[in-house]
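Just so it is clear, none of the values below were taken in a lab; they were calculated from the coordinates. If you're wondering where the values come from, they're calculated on a predicted model, not measured in any experiment. Cβ coordinates were reconstructed from backbone atoms using ideal geometry, including for glycine residues, and neighbour counts include every protein chain displayed.
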Amino acid sequence: MIKCKNCGILIEDETAVCPLCHMALGRGESKGHNIYPNIARKTQMMHFLMKVLVFLGCVAEGICVLVNYYHYDGRHRWAIVSGLYILYALLCFNVAIVRKHSFHYRLSQLAIFSGFMLVGADYFGDFHGWSLNYGLPV
């Protein structure tokens, strides 16, 4: 067992750094097997999934822009609103699942993103003020 000099916890595997405070550890008396899971593969998979979702979101938004350009007049800009919703979904996935921050930080980021998304959707949808009157106070 190895004892961390900084935080004082006992570590039962052959790691070089403390999993709690990330300080370098000295040599222990006994050697054991690694009991902590290797999360590098899971992290790589999440980043790959994020890249795939960004690609699919860009393709979907490109299709929406083309349909909006060829089938509607210049007054209706619904492709921008759909782009905001796609961007919001990607940001939610990135903040809630991929990033490793505290719960309060992630929740505040999601609240800020949703506020910007509501105001943007209202602005590009002829701005009737519903986002400022009903969306943001909630």
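Per-residue extension of 0.36 nm, minus the Cα-Cα distance of TYR72 and ARG106, leaves a gain of 8.4 nm for this segment. Determine, from the Cβ-Cβ distance of THR15 and LEU53 and an R0 of 41 Å, the FRET efficiency 1/(1 + (r/R0)^6), rounded to the nearest 0.05. Computed FRET efficiency for THR15 and LEU53: 0.80.
Relative to the longest principal axis of the Cα atoms of the chain, the long axis of helix 78-93 makes an angle of roughly 10 degrees.
For region 42-122, just say rounded, prolate or oblate: build the C-alpha gyration tensor, square-root its eigenvalues into a ≥ b ≥ c, call rounded for a/c under 1.5, and beyond that prolate if a/b exceeds b/c, oblate if not.
Judged from the Cα gyration tensor, region 42-122 comes out oblate (a/c at least 1.5, b/c at or above a/b).
Relative to the longest principal axis of the Cα atoms of the chain, the long axis of helix 103-124 makes an angle of roughly 10 degrees. Near LYS100, once Lys and Arg are set to +1 and Asp and Glu to -1 for all other residues with Cβ below 15 Å from its Cβ, the sum equals +3. The helix-only estimate of mean residue ellipticity at 222 nm for the chain, built from DSSP H runs of length n ≥ 4 each weighted as -39500 (n - 2.57), is -18000 deg cm²/dmol after division by the residue total. By the count of neighbouring beta-carbon atoms within 10 Å, fewest first, GLU12, GLU61 end up ordered GLU12, GLU61. Springs between Cα atoms under 10 Å define the GNM used for the chain, and in it the highest mean-square fluctuation of ALA16, ALA79, ALA89 occurs at ALA16. Rounded to the nearest 10 degrees, the angle from helix 40-71 to the longest Cα principal axis of the chain is 0 degrees.
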